[in-house]
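Below is one structure, written out as structure tokens; the observations come after it.
The values are calculated or read from the model by the stated rules, or taken from the named source; none is laboratory data. Just so we're clear, the structure is a prediction, and the values are computed from it rather than from any experiment. Using ideal geometry, Cβ is built from the backbone for each residue, glycine included, and neighbour counts are taken over all protein chains shown. These accessible areas exclude ligands, DNA and RNA; they are computed on the full protein's heavy atoms, side chains included. Shrake-Rupley method; radii C 1.70, N 1.55, O 1.52, S 1.80 Å.
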Amino acid sequence: FTAFATGYASLLGIRFMVGFGVGGLTVPFDIFAEFLPTSHRGKHLLVIEYFWTAGSLMTPLFAYLTLDVSWRLFVILCAVPCIISGFLGICLVPESPRWLISVGQHDRALAVIRNAAAVNGVNPDIQFHKNVKLKDEHVEESGFRDLLSRKWRKLTLLLWTTWIGYAIGYYGTILTVTRVFDADAVEGAESSGGTPNFDYKAIFISASAEILGLFVVIQTVDSFGRVPTQALSYTFGGILLFSLAMSAGTANATVLTILAFFARAFEMMGSCVTWVSTAEILTTEIRTTGHSAANAMGRTGAFMSPYLVGSGNSLKFVGSVMLVIHLVTAVTAYHLPESKGRGLGHTSLEDDDEVNREEEDETGNEMSFRYDTPETEPVVSSRGIV
């Protein structure tokens, strides 16, 4: 509907509604996390981020094809994948079995599990027959206000700070790269009221760096850990962006492209692992609410990015501020609990080594469906098949 905006007021109202859709991004992501066993969760949650990268690559392509014609056409093209994914999400994404069990809807939970088995080529009549029992999970009802309760306050503030920082860093990097390669085009368009003639080739190359960053983090996240990956990614992303801003106007295009490329790669690494870590840290009763609230904080950071990176501020100032923001984000991410090898919701800021060892031996508070034939009749629960 953005394409049909007739003025600032209508545009503002439409973008407000878009925010509801953005907030819903966390729901299928968290449900997917609940279906995955601990040993595969990190990699599989990261693999789906390739679709985000595909969108990042499609955006400059759509802009190249349409911006000279109409910005409204550009917005419409960008909305098409969203409409398709929304329709597929309604049709294909199941309800959370963990949540269904927690509210006593055992039949619906079992139906979801049986369907998951069938989709994965397992006979549900054998593995999840009518005598399979669902183990109750009792969770406390929680809402947005509970995020700031004594139980969740410290973790919530750490997550919110990390998400705000990651969003400023991620979107600020994209805007800074665009500004570095197209400063003259942007300034000329602002003075003439026309459309900037962007260097789409350089922007596309830097955007493709997300593929490399995602590939690297998929290979390393389960061995290196969520917390170190976030801290180092945000740190190196900030250093590279700072170097890019300081080199603009003096270094040649090749050097600038390399700096932009690796800055985008590290931004992608850090942001993707932040998504994974957030889903793993929060427990069932607060996971979707907490993740959506963190995502909302991220949108706040994204909203702030254009004002920081805007042409009213020098690139050296932008680079310096972005470096500080990245370092703060790295510090807050470093203080998040490590969730590598742990069951969903089995992490806290107070965990000690003994608790870690005990929980690593447990199945984990997750919906990890194993389809190997058990020696005894299985009992399906929100902690897996026991």
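Quick rundown of the values:
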{"read-out": "Residue check, residue 206 crowded, with 24+ Cβ neighbours inside 10 Å, modelled with pLDDT under 80 and in a helix (DSSP H, G or I)", "value": "yes"}
{"read-out": "Only listed residue being surrounded by fewer than 21 Cβ atoms within 10 Å (Cβ to Cβ), of a type in the set (A, V, I, L, M, F, W, C), at pLDDT 50 or above and under 30 Å from residue 176 (Cβ atoms), chosen from 323, 349, 308, 336", "value": "308"}
{"read-out": "Test for residue 133: is it modelled with pLDDT of 80 or more and surrounded by fewer than 20 Cβ atoms within 10 Å (Cβ to Cβ)", "value": "no"}
{"read-out": "Residues of the range 274-300 satisfying the condition of being acidic (Asp, Glu) and either modelled with pLDDT of 85 or more or in contact with a strand residue (DSSP E or B) (Cβ under 9 Å, 6 or more places away or on another chain) (or both)", "value": "280"}
{"read-out": "Residue count, the range 115-130 (criterion: open to solvent by 70 Å² or more (accessible area, probe 1.4 Å) and in a helix (DSSP H, G or I))", "value": "4"}
{"read-out": "Where a residue in the range 31-44 is of a type in the set (D, E, K, R) and its partner, wherever it lies, is at pLDDT 80 or above, with Cβ under 6 Å and at least six apart", "value": "34/96; 43/218"}
{"read-out": "Filter pass, residue 50 being within 21 Å of residue 207 (Cα to Cα) and under 13 Å from the mean Cα position of the chain (by Cα)", "value": "yes"}
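To keep it simple, each residue is scored yes or no on (1) in contact with a Pro (Cβ under 7 Å, 6 or more places away or on another chain); (2) open to solvent by 70 Å² or more (accessible area, probe 1.4 Å); (3) at pLDDT 80 or above.
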{"position": "6", "(1), (2), (3)": "no, yes, yes"}
{"position": "11", "(1), (2), (3)": "no, no, yes"}
{"position": "19", "(1), (2), (3)": "no, no, no"}
{"position": "25", "(1), (2), (3)": "no, yes, no"}
{"position": "32", "(1), (2), (3)": "no, no, yes"}
{"position": "35", "(1), (2), (3)": "no, no, yes"}
{"position": "61", "(1), (2), (3)": "no, yes, yes"}
{"position": "66", "(1), (2), (3)": "no, no, yes"}
{"position": "82", "(1), (2), (3)": "no, yes, yes"}
